[in-house]
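The values are calculated or read from the model by the stated rules, or taken from the named source; none is laboratory data. Not measured: the values here are computed from a predicted model. In this analysis, Cβ positions are derived from the backbone assuming ideal geometry, glycine residues included, and neighbour counts consider all displayed protein chains. SASA here: full protein model, heavy atoms, side chains in, ligands and nucleic acids out. Shrake-Rupley method; radii C 1.70, N 1.55, O 1.52, S 1.80 Å.
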Amino acid sequence: MKNFLTAITFFITIMLSAQNGWIQRTSLPADGRHRATGCGIGNKGYLGLGHVNGTTASINYADWWEYDPASESWTQKASYPTVNYGAVFYVADGKAFVGGGTFLNGEFYAYSPVTNTWTSINPCPASPGDKGAMSVNGKGYVLAGLFYEYDPATGLWTPKTSPPVTFGTWCIAFSTA
């Protein structure tokens, strides 16, 4: 009887939390894909790049979309300079910094939502792809064997101390600072 009551309590808790959890929003008006890149800048979300494994060939994307939760709408923005997937990103100085991935080595581009443009920045000394990146105190950090720090004020990449663990492919990173 105790196990039965525990199971009932568990399922009621799950059902109640599901009612207050996920809410369906407007779907992206573009093809579905995986290994895409996404980030948040201010109060808007951004998503793009990625690919689909086709039956005869992969389909690769360079499109870039903005989601506005206030109007619950998607708007297509300036496309990334090349098709790419597995790219890493971080946000600093009100811009998205996106680079590496399958089709780029250390090349990075900065996206400005104010001007809706992509600008090439100095390349990362390593070739990050399918790895983690994050920003802390206005600087970007990319994991590519070592951590590399990008300072938007100087435009320079600086290698940092290696992490004490090995990260595999498709890892993620985030910061709370």
Note on S73: of the conditions (1) buried (at least 20 other Cβ atoms within 10 Å of the Cβ); (2) at pLDDT 90 or above, unmet is (1)
Is it the case, given these coordinates, that P125 is in contact with a Ser or Thr (Cβ under 8 Å, 6 or more places away or on another chain) and either exposed (fewer than 13 other Cβ atoms within 10 Å of the Cβ) or touching a residue at least 12 places away in the same chain (Cβ under 8 Å) (or both)?
no
State all residues of the range 47-65 that are in a strand (DSSP E or B) and open to solvent by 20 Å² or more (accessible area, probe 1.4 Å); if no residue qualifies, say none.
L47, V52, N53, S58, I59, N60, W65
State the number of residues belonging to the range 106-123 that are out of contact with any Phe, Trp or Tyr (no Cβ under 8 Å at 6 or more places or on another chain), farther than 11 Å from A78 by Cα and at pLDDT 95 or above.
1
Quick one: which of G99, G50, G86, G42 is more than 18 Å from N122 (Cβ to Cβ), touching a strand residue (DSSP E or B) at 6+ places or on another chain (Cβ under 7 Å) and not β-branched (V, I, T)?
G50
Residue check for G50: under 13 Å from the mean Cα position of the chain (by Cα), more than 24 Å from P152 (Cα to Cα) and free of Cβ contacts under 8 Å to residues at least 40 places away in the same chain:
yes
Evaluate the following for V83: is it in contact (Cβ under 8 Å) with a residue 24 or more places away in the chain, in a strand (DSSP E or B) and of a type in the set (V, I, T)?
no
Can you confirm whether the range 9-24 contains a residue that is modelled with pLDDT of 90 or more and hydrophobic (A, V, I, L, M, F, W, C)?
no
When you look at D93, is it open to solvent by 20 Å² or more (accessible area, probe 1.4 Å) and under 30 Å from P159 (Cβ atoms), yes or no?
yes
Complete set of residues in the range 107-120 that are surrounded by 18 or more Cβ atoms within 10 Å (Cβ to Cβ) and either in a loop (DSSP other than H, G, I, E, B) or of a type in the set (V, I, T) (or both)
E107
